[in-house]
Structures are given as structure tokens and as C-alpha cells.
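Report on one structure; see the data block that follows.
The values are calculated or read from the model by the stated rules, or taken from the named source; none is laboratory data. All figures in this text were calculated on a predicted structure; none of them were measured in a lab. Positions of Cβ are generated from backbone atoms using ideal geometry, with glycine treated the same way; all protein chains shown enter the neighbour counts.
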Amino acid sequence: MRPLDPVVTEALSRRFGAVVALRGVGLRVREGTCLLLVGPNGSGKTTLLRVLATALRPTEGRAWVGGYDVVSEGHRVREVCVYLGTSPGVYAGLTGFENLCLAADLCGRPRRQVPELLAWAGLEPVAYTLTGTYSLGMRRRLALARVRLQEPRVLLLDEPFVGLDEDGARLVSELVAGVKDRGGAVVLATHDHHRARALCDAVAELDSGRLLSYGPAGLAGAVNRG
Amino acid sequence: MRAWRRVVAVARKDLLLEWRGRDALIPAGSFGLAVLLVLGLVSGGGWEAAPPALWVSLLLAAVVAAGRGADREGEEGTLEALLLYPGSREDLFWGRWLAVCVLLLLLGAGLWGVQVLLFNAPTRGVGVLVLAGLLSAFGLAAVGTLLAALLTHVRAGPLLMPLLFLPATVPVLLAGVRLSEAAASGAPAGPWWGVLAVFDLLFLLVGPALFEVVVEA
């Protein structure tokens with residue numbers, strides 16, 4: 001039975017050798033909502049996001065993203081989901097324009113959107129400059145433009161505010177709002193609770209790979225503890 | 001249509017990065033040239049030694065060139081983003097394969113030119129050499145692309161690359177040498193075309209399928 005909610009995990013576990021990064025995590029993110037993952041370093045937030053993005057396979061348990069199984073239907077998951085990790089994943093030897101054209105070609109979007117996206121990200125003046133000369137914040141803005149290009153139904157963000165100024169943080173907010181408005185779901189892991197609080201509808205607190213608390217009721221407590 | 005667009009996009013990206021950085025062609029070309037010079041000195045520069053010297057230098061240069069694209073992705077942290085784009089990962093294989101093919105053909109042309117000068121080798125049978133070079137590049141690029149993906153996350157990857165690549169590509173070396181000798185002497189090459197064709201067919205069929213498995217692991 002295919003789950004209706006955009007993100008569902010059941011008893012999800014992931015080991016790296018002897019280290020257990022996730023232990024039986026069960027979550028459900030509903031349409032049009034954003035889930036904030038909180039917890040100390042090494043609590044399993046990034047591992048959970050990477051399993052949902054199909055970058056890692058779960059050791060045990062199951063997960064569905066956009067209604068598709070992350071193991072047996074990984075290619076379908078990648079059609080509906082975008083993961084933005086801590087690395088912006090842009091090519092230093094390409095210009096901002098070229099990076100976005102590459103993204104457009106790879107995800108089957110028209111290249112004519114690229115100039116508009118560069119303007120949205122505030123990168124128009126450096127569109128034809130190699131991204132190797134960009135600051136971290138500028139590279140992250142470019143990565144955000146790439147996310148916007150893909151218009152995902154499910155958005156997975158790992159520390160999206162790192163390196164961004166207030167304008168850059170506003171781009172993250174716009175992306176999250178856009179996904180929620182389209183009836184999608186966002187899972188966001190960050191230590192910047194101040195910025196994340198305004199975007200999220202629910203909070204899941206992880207520690208040592210375990211889910212300690214989950215749900216809107218625990219929002220304030222979890223955020224304050226995480 | 002979309003698959004073709006993805007293939008061309010990956011190949012163009014790899015070639016553009018190579019054009020700007022030249023971090024595969026220069027080391028691979030220099031290495032191939034050094035090998036060619038050493039073999040030329042050892043063999044005394046007789047034209048009979050030209051085909052083995054050319055193909056050995058090309059094969060060793062290919063080891064350097066084939067892995068560079070994957071190394072670059074690893075260094076820049078772009079591999080994960082590339083793998084998480086929607087669409088078949090076989091397209092990524094074909095894109096990288098195409099870029100490696102172009103690099104190998106450029107290396108082959110350059111090394112052939114040096115070999116002609118160094119060994120005073122005859123230039124007849126160029127058509128045969130071009131065809132042999134093309135078929136060899138297809139197979140070598142397939143093996144190189146697959147192994148580079150396999151070794152991306154292996155700490156000793158750069159060391160293992162030649163250890164796996166060279167034994168796997170011995171049929172290309174043998175066929176290339178025999179075909180070059182046949183081209184120079186005007187003799188029929190016979191079964192060596194078949195050896196190259198079977199090698200290409202095997203790795204062009206197995207390569208994309210295994211690539212998907214390798215990058216998933």
C-alpha cells in the first residue's frame with residue numbers, strides 16, 4: 001500500500017559498520033507542511049535526509065518519498081525530491097550560468113528559466129564568472145536557484161542557512177513556502193532554530209539516531225533543547 | 001530526447017572543465033610522451049618498435065585520463081548532487097564515456113604524431129589506424145569510466161586504477177599493436193578486428209548496467 005503522505009518512514013535504521021546512525025525512526029510529514037529536524041551533532045539528521053534522498057540505503061526499515069519506496073523506486077523518488085546538502089554541489093570550473101544550464105539539461109527543464117533564476121538568487125552581476133571565485137554564500141544561493149529550477153514536491157534541506165546573509169535566508173524561506181503552497185513537504189535540519197521556527201509546522205528531535213519526540217506539540221520544547 | 005540531452009550535458013561539462021583546467025590532458029599526455037620517449041630510447045628507435053611503443057604509451061596515458069573526471073567530482077563534492085538528479089544514471093555513464101572518448105582520441109592523435117617523428121614510422125595505413133583508434137577508445141573509455149566510478153570512494157583508488165585497468169585492457173593493447181603492424185606492412189589483420197569489436201561490445205553493454213550498481217553501493 002503506497003502511503004499518501006509525501007514523506008513516511010517506518011522503523012528506519014542505518015548503520016555504518018559498528019556505528020548505528022539511525023535506530024528505528026518512524027516519521028510522517030503531511031502535505032503542505034515543513035518538518036524541522038533538531039538534535040546535537042551526530043544525532044542522525046543528515047543520515048536521515050540522505051536516506052530519504054536515496055543517497056544512502058537504509059539498513060533496516062522502509063521509507064517513502066512522494067509515495068515511492070526509496071530503495072526499490074529510487075529513480076522515481078529523484079523525480080519528485082531534491083536534497084540540498086551542506087556542500088552546494090556546484091562546479092568551480094563553470095560559471096553560475098553554466099552550472100544552472102547543466103542543471104536544466106539534467107532535469108529536463110528549459111534553459112530560458114536560467115537568467116530569471118540567477119536574478120532571483122541575486123547572482124545576475126556574476127552570472128558569467130567562474131563559481132570558483134564565489135563566496136560560500138554565493139555558491140549556496142546558486143544551489144538554491146538550482147532547487148527552484150527543479151520545483152520539487154519534496155524538499156530536503158541540510159543546514160540551508162549556513163553562509164547565507166539575510167537576503168539569502170529569505171530565498172530559503174521562499175523555497176520552503178513554494179513547496180508547501182504546491183502541497184509538497186519539506187524536511188529541514190538545522191541548528192539555526194531562530195530562522196527555522198518561522199518555517200516549520202512540526203519538529204522531530206533526534207539523539208544518537210533515536211527519535212526522542214515528534215509533532216507540533218513538542219515544537220517549543222524540542223527547539224529549545226536541540 | 002531527454003536522455004540524449006543529459007548525455008550531452010555531462011560530456012560537455014566534463015570537456016569544458018577539462019578545457020579550462022587541463023588537469024587530465026596535460027598529465028596524461030606528458031606521461032604518455034615520457035613512456036614513448038623511454039621506449040624509443042630502449043628500442044633504438046627502429047620503426048618495428050613503433051606500434052608497441054605507441055599502444056603501451058596510449059594505454060598508460062588512458063589510465064591517467066580516464067579517472068580524472070571522477071576524481072574531480074570527488075574533490076569538488078559534486079558527485080552526490082550529480083547522482084541525485086532525476087533520470088537514469090546510465091545517462092551519466094554515457095556522458096562521461098563520451099568525454100573520455102574525446103580525450104583518448106586527442107591523446108592518441110598526439111602520441112601517434114610523436115611516434116611518427118620519433119621512430120620514423122611509416123604513415124601508410126592511416127585509415128586502419130584511425131578505425132583501430134576509434135574502436136580502442138570506445139572500449140578503453142567504457143572500462144575507465146566504470147572503474148573510476150567503482151574506485152571513487154576507495155581510499156587507494158588512484159593506486160588500484162592501473163592495477164585493474166591494465167590487465168582488463170590487455171586485449172586492446174594486443175589488438176592495437178597487431179592492427180598497427182598490419183597497417184604498416186600492408187598485411188591483413190584478420191581476427192584482431194573481431195577482438196576489438198567483442199571487447200567493445202562486452203564493455204559497452206556491461207559498463208552502463210554495472211555503473212548503476214556501482215554508484216548505488
Name every residue in region B:1-42 that is away from chain A (no Cβ under 14 Å) and without any contact (Cβ under 8 Å) to a residue 60 or more places away in the chain, in order of residue number.
B:Ile26, B:Pro27, B:Ser30, B:Phe31, B:Ala34, B:Val35, B:Val38, B:Leu39, B:Leu41, B:Val42
Would region B:88-104 turn up any residue that is in contact with a Lys or Arg (Cβ under 9 Å, 6 or more places away or on another chain), within 11 Å of chain A (Cβ to nearest Cβ) and over 24 Å from B:Leu135 (Cα atoms)?
yes
Select the strands (runs of 3 or more DSSP E) contained entirely in region A:116-218, then report the ones holding at least 1 residues which are farther than 21 Å from B:Tyr85 by Cβ.
A:185-189, A:202-207, A:210-215
From B:Val42, B:Val35, residue being farther than 22 Å from A:Tyr91 by Cα, in contact with a Leu (Cβ under 6 Å, 6 or more places away or on another chain) and surrounded by fewer than 20 Cβ atoms within 10 Å (Cβ to Cβ):
B:Val35
Considering only region A:120-128, I want to know if a residue exists there that is of a type in the set (Ser, Thr, Tyr) and away from chain B (no Cβ under 12 Å).
yes
Take the conditions over 30 Å from A:Ala21 (Cβ atoms) and of a type in the set (Asp, Glu) and apply them to A:Glu159. Does it pass?
no
Count - residues of region A:101-119 that are surrounded by fewer than 21 Cβ atoms within 10 Å (Cβ to Cβ) and either polar (S, T, N, Q) or away from chain B (no Cβ under 14 Å) (or both):
5
Looking at region B:43-84, which of its residues are among the β-branched types (Val, Ile, Thr) and more than 12 Å from B:Thr152 (Cβ to Cβ)?
B:Val56, B:Val63, B:Val64
Just checking, does region A:57-72 include any residue being under 26 Å from A:Gly17 (Cβ atoms), surrounded by fewer than 17 Cβ atoms within 10 Å (Cβ to Cβ) and within 9 Å of chain B (Cβ to nearest Cβ)?
yes
Hey, B:Arg178 more than 16 Å from the chain's Cα centre (by Cα) and under 30 Å from A:Gly74 (Cα atoms) or not:
no
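Yes/no per residue for (1) within 14 Å of chain B (Cβ to nearest Cβ); (2) among the aliphatic types (A, V, I, L, M); (3) in contact (Cβ under 8 Å) with a residue 24 or more places away in the chain:
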{"position": "A:Phe97", "(1), (2), (3)": "yes, no, yes"}
{"position": "A:Val147", "(1), (2), (3)": "yes, yes, yes"}
{"position": "A:Val186", "(1), (2), (3)": "no, yes, yes"}
{"position": "A:His193", "(1), (2), (3)": "no, no, yes"}
Counting only residues that are over 25 Å from B:Leu41 (Cβ atoms) and in contact with a Leu (Cβ under 8 Å, 6 or more places away or on another chain), how many does region B:115-129 have?
1
B:Val102: closer than 30 Å to B:Phe211 by Cα, of a type in the set (Val, Ile, Thr) and surrounded by 20 or more Cβ atoms within 10 Å (Cβ to Cβ), yes or no?
no
Which of (1) at pLDDT 90 or above; (2) over 13 Å from B:Arg6 (Cα atoms); (3) within 11 Å of chain A (Cβ to nearest Cβ) does B:Leu79 not meet, given it meets every other one?
(1)
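Would you mind finding the one in A:Ala53, A:Ala21 that is touching a Phe, Trp or Tyr at 6+ places or on another chain (Cβ under 6 Å) and either in contact (Cβ under 8 Å) with a residue 40 or more places away in the chain or buried (at least 16 other Cβ atoms within 10 Å of the Cβ) (or both)?
One residue alone meets the criteria, A:Ala53.
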Exactly one of (1) touching a strand residue (DSSP E or B) at 6+ places or on another chain (Cβ under 8 Å); (2) more than 8 Å from chain B (Cβ to nearest Cβ); (3) buried (at least 22 other Cβ atoms within 10 Å of the Cβ) is unmet by A:Val82. Its number?
(2)
